[in-house]
Every structure is written in C-alpha cells, then in structure tokens.
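Taking it in order: structure first as structure tokens, then the write-up.
The values are calculated or read from the model by the stated rules, or taken from the named source; none is laboratory data. Since we're looking at a predicted model, the values are computed, not measured. All Cβ positions, glycine included, derive from the backbone under ideal geometry; neighbour counts span all protein chains shown.
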Amino acid sequence: MTDKVRVALCHYKRDNPQLSQKDLIKWLEDNHSIKVSQATISTTLKRSAEIVAKSDNETNLNAKRQWTVRYSEMESVLVKWFRANQEWANVSGELVRESAMKILDWLYLGHEPFEFSSG
C-alpha cells in the first residue's frame, strides 16, 4: 500500500468513524483495487496521525516505502551528473555506482563504508 492510499484510508476513517476494519478492507478493495489484512488496517489506523502529518511534508506519496537519505548532497550532485551525461554516454548502472562512489569520496572524506544498490 502506498503512502497516498494510507493517507486516503486515514481520511476516510476520520470522515466515517462508524466503519469497522472489515468495512475499510472492502473500501480499499473497491476503490483502490488492493487487498490488505486486518492487521495492516489496524497498524495504519494506529499511526494515522503520524501518516497524515508526514504526508504534508513528503514529496512522493506514491512510494510504498520512504527511505532516509544518508548522503543527500552526494545524491543531488549525482543527479546533476546523470542529467548532464545521459545524452552523450551510455550511462550504465555500474557507471552510475562508480561515479557515485567518486562523488561520495570527494564530498564526505572519511565516510563510513558504503555499498550502493543495483536499483
């Protein structure tokens, strides 16, 4: 379930407090074409205040998980590098990882060991 759907669920429950968790499961199936367990509904509703507050600050509510960026400046420089090079070079995943490591070493001297994902 994406954060966007979680926020919609929290708002729907707030607007319809009489609905049971089974009703909410059916609503998600009918309106968002997803099936979730009762435990997922329970956990989402327990965290509803946090989810709604967080949604005001998040830029990508379509993500299923939000990751904390450890090296945000490196990520920004890497995106600029990628955009500048994507037109004239075959930018493979390995080339992106190599460039990211160089940028990381340049910006964060003595950083902790870091392994880049393939995704």
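Of everything in region 1-35, what is charged (D, E, K, R), free of Cβ contacts under 8 Å to residues at least 24 places away in the same chain and under 18 Å from VAL52 (Cα atoms)? Give them in sequence order. Within region 1-35, ASP15 is the sole residue that qualifies. Note on region 76-94: among residues that are part of a helix (DSSP H, G or I) and loosely packed, with under 14 Cβ neighbours inside 10 Å, the one that is modelled with the highest pLDDT is LYS80.
Taken over region 95-119, residues that are part of a helix (DSSP H, G or I) and surrounded by 11 or more Cβ atoms within 10 Å (Cβ to Cβ) amount to 12. Using the structure shown, decide if LEU45 is modelled with pLDDT of 85 or more and of a type outside the set (Lys, Arg). It is true that LEU45 is modelled with pLDDT of 85 or more and of a type outside the set (Lys, Arg).
Taking region 99-117 as the range and being farther than 16 Å from VAL69 by Cα and small (Gly, Ala, Ser) as the test, the residues that pass are SER99, GLY110. Beta carbons closer than 7 Å, at least 6 apart along the sequence or on distinct chains, pair a first residue in region 105-119 that is among the small types (Gly, Ala, Ser) with a second that is at pLDDT 80 or above for SER118/GLY93. Listed by first and then second residue, the pairs with beta-carbon distance under 9 Å, at least 6 apart or on different chains, first residue in region 70-86 and not assigned by TED's automatic domain parsing to the domain that holds LYS102, second surrounded by fewer than 12 Cβ atoms within 10 Å (Cβ to Cβ) and assigned to a helix (DSSP H, G or I), form an empty list.
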